[in-house]
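To start, the structure itself, in structure tokens.
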Amino acid sequence: MRKFLSLVPRLYSPLGALVALPVFLAACGAAVDETTPRPSEDGGASGSSSGGSSSGAPASGLDGSASTSSGSSSSSSSSSGAATGSSSGTASSSSSSSSGSSSSSGASGSGTGVHAVGNQLFDGTTPLRLLGADRSGTEYRCIQGANIFDGPSDQASISAMLAWKINAIRVPLNEDCWLGVNTLANSPSSAAYQQAIVAYVGLLIQNGIYPILDLHWSAPGTTAATRQYPMPDMDHSVAFWTSVATTFAPQPKVILELFNEPYPDNNMEATAAWTCWRDGGTCQNLTLSNNGGAVSYTVAGMQTLLSAVRAAGATNLVLLGGLQFSNDLTQWLAYEPTDPANNVGAAWHIYDSNLCKAATCFATEGGVVAAKVPVVATEIGSIPPTGSNCNANGGTFITGVMGFLDAPVTSAGTSLPAQSYLAWSWNTNSTPHIISDYTGTAFCYGPTYQSHLLATPH
């Protein structure tokens with residue numbers, strides 16, 4: 001999440017059993033209006049941690065046909081999928097390390113829910129393109145001893161998204177809040193946090209919007225997850241994904257992004273960094289962004305997290321961001337984890353402060369990966385200059401990003417199917433943001449993004 005970034009390294013601005021949770025509680029679907037200004041995504045929650053052990057129990061299964069909203073759900077969407085469906089099976093766990101695997105494959109459009117077929121997404125038999133926005137707040141409000149959402153989470157707020165033809169919303173999560181560890185005494189309970197997320201996901205699906213859940217804030221041991229660490233941790237992240245995957249396995253329209261923005265090995269692009277990314281373990285040179293200092297902990301690699309998701313019975317589409325805050329995809333294919341479900345894609349983050357921010361790099365990195373697996377740019381945006389909340393050139397930059405993803409090519413000039421993207425962020429107080437209020441009034445480069453979504457088939 002964002003974000004004030006430099007180039008190298010970038011500044012990051014962003015299970016024992018519980019009682020099974022009811023899937024949809026009317027209270028969770030009620031409007032929540034939390035407008036307290038937020039700090040930088042690099043952290044800012046203060047206060048002592050209450051400690052606790054990883055426990056994270058799965059909530060009950062999700063059925064998008066149930067209603068959770070305090071308002072009506074008559075709004076329609078151009079999304080290709082209905083809000084119902086269940087997973088047709090489970091997948092076995094794979095080994096914790098891999099030398100790479102073949103790209104996702106399967107009979108065209110024959111899977112259940114959202115799935116990868118070669119380098120394209122399908123929902124059932126219908127080709128799918130995800131165009132949407134990030135809805136920040138659920139990664140930081142809870143750990144600060146506040147509530148859960150930053151701004152409303154009701155039907156009216158989702159109807160505003162539909163007016164932009166948004167069909168995908170990314171919901172950042174906090175592993176401590178989900179598991180109920182290391183939170184403040186006045187933080188929401190893990191049960192309340194899980195219920196609220198399940199209810200919001202259900203309301204999105206009910207409106208034809210595909211939810212993307214990502215592990216955004218995490219921390220090892222007894223350290224509270226008040227920021228993003230370089231990589232997931234073995235202390236809590238595996239338990240987190242086991243619980244989240246168990247919760248959402250019955251709803252294959254939910255997409256799982258395993259870690260927001262990896263930056264191991266001092267944010268370098270090197271063999272050691274990619275090995276840490278895939279295999280985890282004792283990784284060298286783990287340093288917190290924004291001059292946060294060196295840290296040492298056992299890393300949970302992408303293979304371990306993916307295996308945990310599949311062992312939980314979830315065959316949902318899984319997205320994996322690359323190195324350097326998910327902007328670097330250079331070795332993504334070489335280090336792609338093994339997936340018994342053959343249902344993975346690449347997450348990609350593109351800002352004008354990144355190293356890979358021009359069309360030539362888009363082709364050599366994103367284009368090469370998009371030739372093999374689906375690419376979902378789960379964050380695109382333009383960072384405003386110091387002292388401002390808007391970059392006047394942001395519309396021009398994101399137009400170039402969207403233009404590439406609408407008609408991607410490889411470095412050899414080979415044309416590829418259109419890929420997916422989401423703008424950071426559908427918030428009024430994030431950096432950057434595309435709306436000035438939750439009725440959907442476009443802000444900064446928001447008018448450019450809104451016009452493009454309205455004009456783009458999806």
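The values are calculated or read from the model by the stated rules, or taken from the named source; none is laboratory data. Given the structure is predicted, the values throughout are model-derived calculations rather than measurements. Glycine gets a Cβ as well: all are built from the backbone with ideal geometry, and neighbour counts include every protein chain shown.
Details
- Some residue of segment 321-337 being under 23 Å from residue 246 (Cβ atoms) and within 17 Å of the chain's Cα centre (by Cα): yes
- Filtered residues of segment 219-235 (kept if in a loop (DSSP other than H, G, I, E, B) and within 17 Å of residue 322 (Cα to Cα)): 228, 229, 230, 231, 232
- Within segment 113-167, being more than 19 Å from the chain's Cα centre (by Cα) and small (Gly, Ala, Ser) holds for 118, 124, 145, 146, 156, 157, 159, 160, 163.
- Only one of the listed residues (331, 324) is over 23 Å from residue 236 (Cβ atoms) and buried (at least 24 other Cβ atoms within 10 Å of the Cβ). That residue is 324.
- Residue selected from segment 405-436 under the condition of a type outside the set (A, V, I, L, M) and touching a Gly at 6+ places or on another chain (Cβ under 7 Å), by the criterion farthest from residue 363 (Cα to Cα): 428
- Any hit, segment 267-289, residues being among the β-branched types (Val, Ile, Thr), touching a helix residue (DSSP H, G or I) at 6+ places or on another chain (Cβ under 8 Å) and part of a helix (DSSP H, G or I): no
- So residue 301, is it surrounded by fewer than 18 Cβ atoms within 10 Å (Cβ to Cβ), of a type in the set (Gly, Ala, Ser) and within 29 Å of residue 246 (Cβ to Cβ): no
- On the stretch given as segment 144-193, residues that are within 16 Å of residue 133 (Cα to Cα) and part of a loop (DSSP other than H, G, I, E, B) total 10.
- Filter pass, residue 185 being over 17 Å from the mean Cα position of the chain (by Cα) and modelled with pLDDT under 95: yes
- Residue list for segment 247-266, filter: of a type in the set (Phe, Trp, Tyr) and not in a loop (DSSP other than H, G, I, E, B): 248
- Residue ID - farthest from residue 449 (Cα to Cα), chosen from residues in segment 387-407 that are aliphatic (A, V, I, L, M) and in contact with a helix residue (DSSP H, G or I) (Cβ under 9 Å, 6 or more places away or on another chain): 405
- Any hit, segment 194-210, residues being farther than 30 Å from residue 457 by Cβ, in a helix (DSSP H, G or I) and among the small types (Gly, Ala, Ser): yes
- Residues of segment 193-226 classified as touching a Cys at 6+ places or on another chain (Cβ under 8 Å) and either surrounded by fewer than 23 Cβ atoms within 10 Å (Cβ to Cβ) or at pLDDT below 95 (or both), total: 0
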